Every structure is written in structure tokens, then in C-alpha cells.
Amino acid sequence: MVKQPAGVKICLVVDDSRVIRKVARRILEDLGFEVAEAADGAEALAWRRTCNPDAILLDWNMPGMSGLEVLRQLRREPGGLEPKVIFCSAENELARIREALDEGADDYIMKPFDGDIVASKLTLAGLL
Amino acid sequence: MTPQDRDLIARLCGERAGLRIEPEKSHLLENRLGPVARREGFASVHEFVCAVRDRGEERLIWAAVEALSPAETAFFRDPAVFELILAQVLAALAGRNEAGPVRIWAASAGTGQEVYSLAMSLLEAAPAGGRVEIFASDLSEHRLEKAQGGLYSQFEVQRGLSAHRLVRHFETAEEGFALLPAVRATVQWQRVNLIEDLGRLGRFDLVLCRNLLNCLHAAARERVLGSLIAALRPGGCLVLGATEVAPGLAAAEGRPGFFFEGSAAARAAA
């Protein structure tokens, strides 16, 4: 793990789509974030324990653990309440969004997203 | 668009609404007029402007002018300023008691995001409500229609609005999300051209007009500012953009863009 310069915030992008991860990475790096990527839930939880991100951009529907399962597991782990978790999913039904928030997500991005939306959500989370 | 097209549109904007449009900004003109031209069934912006010139129809002229008036499209724009606006309303509420409702006017409300942000915050902070009257106006008929409908696209509800507020104040609509009737019902809409006589609107405890004055010609700016000030109740508060000023009112210390009507005593009470 590379030591971060003071003040640089880390965002972990969790998505099984390489394209989405790449798009998110570009947006986040433009916003001044250091970016880590995970392709599934297990990898995400492992990464979280080592890189201690300020924010996690979390897909819902992934092979293996779902985003919701990752969130539940994360919030039970030591230090797991610290990162801001922003769901990032094509799921756009209000009932599902409410479910994610009830489980402890800080905010929610409906795909497709753009740089303005990501910046807006990170601002609301107090990270920009 | 030809240079003549751009000059014509800039002139009309100045005459009809006091808007200062720089004809050299071809990109802005094309971007704003493109959707109007399509909506009106023209193949290009140039064809649309030709029709504006040749037919001289009021409806087409206004469609062009309205499209070039500024409009902000994010919810909770400048969150820190928004907190101050909310605090100001709550302070006015606390100060009025039985003296009738606190009256608020969002003078350049665009498609409604700013005034609905305030409406949502007030429902959250003072659910009893009833003691606040919110008026909202814009130059553009097209935007008013959208604002009154309270219908926003998936992109729009993600600009400045948290998912917590989305699930609390919106319902799913066919295309996008609709603000709940309970929120919409707190705001009354009216088309207002700010360079016209505004006496009929009455007077307000709080007038919001952020980032519009700087888009006007000097003479229009002076006239509009005068009308906004005249619309304030004694001790009332005018909120402008952070870089805009209101000579004639007292600037609030530490709150750029906030100005108060009347005496120091009224300001202290506010």
C-alpha cells in the first residue's frame, strides 16, 4: 500500500464491470481522489481493511455477494462505519433505494451517472 | 447562426427583459436556442431566428428571450448559503408568531429546484407549516410549466439532492421522479418579468434572487433591484448572489449576498 500524501482522499470503486470502474476512476481522479478498484464483494471487503477508504462507490448487482450484503458485512466490521458508502446501481426504484439507505448507505447514485452527479454526491457526503 | 442572428437575439433580450447577452457568445446562444428551435419545428437555430425576424410574432420572440434568461438547475445550490437562507426563514417564523404568515418570494425560480429545496427543508424543519407562504416566479413560461408539474429526470434529481430527500419527497413517475403533491402545494407560481411593474405582488419577508442581477444591463439592474427592495416588508431580507450588491440596503456581516431593509433595530431583530 502506497502511503498517501496528507489530505488526499481515497475512494474504493466496487463494480463487476471494468468499463464502469474505468469511468468512475477517471471522474474520481479528476476530483482529486486516489482510487482503488474491486471487482466483487469479497475483494472489496479485503481492500477496505487495508486501504481504509474515505468513500466506497458500491454496485448492487454483482456475482457472488450483492452490494447490500457487502454493506451489511462492512458495517459490522471494526472501523466499518467510517467510510461513506454511496451505492451506484442501475436499480432506480424508490423502494430499493430506501432499502439501501435503511441498511446504512450514505447516499445513492442511479446509473447512468456523470461527473456532475458524482461530484454532487461526494459534496453531500462532506468529502469535497 | 449568423452574426446578424446573434445581434438580433441579443437586442431582443435587452429590450424585452433587460438581459445582457453578449452576441459573441455563439456557443451559449446555440445551446440555449437549439431546444427552442426544435420544439417550434425548425430545422436549425438560424431558421428559427429568421422566423423571429420575419414574422415578428410575440410568441416566438418570447420563446427566444425566455430561453436566454439564466436558470439554475441544481437542488440546494451552494449548500452553505442554503443553510443561511433556511435559518433566515426560521428566524422570521419565530419572530412573527400570530402576525400572519411569513411571505417568501423566489423571484427567478427557473425550473423550481431552488424554491422546492426551500419547501422541502421547511417541511422537514417545521412540519406544522401553514405559516409560510411561498411565491415563485420566472420569466419563462416553459420553465414555469415544468416547475409547476414538479417532474424531474433521473439526472436532475441527482444534482444537489440526497437520496434521503429523494425517497422522502418524491414518487416514481413515468419518466423520472415527481415531487410529492404535499411539497408542490406549498409553492404558488406566476410568470413575472422583473423589469415590469411589480407592485401587484405585495411585500415579502424574504426575497430570493441569486445570480440574476449580474446578467442584466445596468439600467435594468437598477430598476429590478429597486423593485425587489420595494417588495420587502420592514426588516425584510433580500438574498442575492455572493458577488452581487444592493446599494440602499444594509449588508449582513459575514453573509455575502444577504441584505436587510430598514433600521439597525429591525436588522438586529431579524
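The values are calculated or read from the model by the stated rules, or taken from the named source; none is laboratory data. Quick caveat: nothing in here was measured; it's all calculated off a predicted structure. Neighbour counts run over all protein chains shown; Cβ positions are idealised from the backbone, glycine included. Surface accessibility is based on the protein's heavy atoms, side chains included, excluding ligands, DNA and RNA. Shrake-Rupley method; radii C 1.70, N 1.55, O 1.52, S 1.80 Å.
Residues in region A:72-85: is at least one under 14 Å from B:Q158 (Cβ atoms) and at pLDDT 95 or above? No, that holds for no residue. Taken as a whole, the structure places B:A10 among residues that are open to solvent by less than 20 Å² (accessible area, probe 1.4 Å) and outside the structural domain of B:V192 (by TED's automatic domain parsing). Total residues in region B:13-33 satisfying the condition of being within 22 Å of the chain's Cα centre (by Cα) and either surrounded by fewer than 18 Cβ atoms within 10 Å (Cβ to Cβ) or not β-branched (V, I, T) (or both): the figure is 14. When A:E103, A:E77 are checked against the criterion of being more than 13 Å from the chain's Cα centre (by Cα) and within 14 Å of chain B (Cβ to nearest Cβ), A:E103 stands alone in meeting it.
In the set B:V52, B:V36, B:V45, only one residue is modelled with pLDDT of 95 or more, under 30 Å from A:A119 (Cα atoms) and not assigned by TED's automatic domain parsing to the domain that holds B:S162; that residue is B:V36. Across region A:88-99, the number of residues qualifying as within 13 Å of the chain's Cα centre (by Cα) and either facing another protein chain (nearest Cβ under 8 Å) or hydroxyl-bearing (S, T, Y) (or both) comes to 1. Among the residues making up region A:54-74, those that are farther than 19 Å from A:S17 by Cβ and either among the acidic types (D, E) or touching a Pro at 6+ places or on another chain (Cβ under 9 Å) (or both) are A:D54, A:L74. Only a single item in (1) over 20 Å from B:E124 (Cβ atoms); (2) open to solvent by 40 Å² or more (accessible area, probe 1.4 Å); (3) in contact with a strand residue (DSSP E or B) (Cβ under 9 Å, 6 or more places away or on another chain) is not met by B:L194, and it is number (2). Checked against the criterion of being within 14 Å of chain A (Cβ to nearest Cβ), part of a helix (DSSP H, G or I) and open to solvent by less than 50 Å² (accessible area, probe 1.4 Å), region B:39-49 contains not a single residue that satisfies it. On inspection, B:V239 qualifies as under 18 Å from B:Y116 (Cα atoms), buried (at least 18 other Cβ atoms within 10 Å of the Cβ) and either in contact with a Lys or Arg (Cβ under 9 Å, 6 or more places away or on another chain) or within 14 Å of chain A (Cβ to nearest Cβ) (or both).
In this structure, is B:L208 open to solvent by less than 70 Å² (accessible area, probe 1.4 Å), in contact with a Lys or Arg (Cβ under 8 Å, 6 or more places away or on another chain) and either among the hydroxyl-bearing types (S, T, Y) or at pLDDT 95 or above (or both)?
It is false that B:L208 is open to solvent by less than 70 Å² (accessible area, probe 1.4 Å), in contact with a Lys or Arg (Cβ under 8 Å, 6 or more places away or on another chain) and either among the hydroxyl-bearing types (S, T, Y) or at pLDDT 95 or above (or both).
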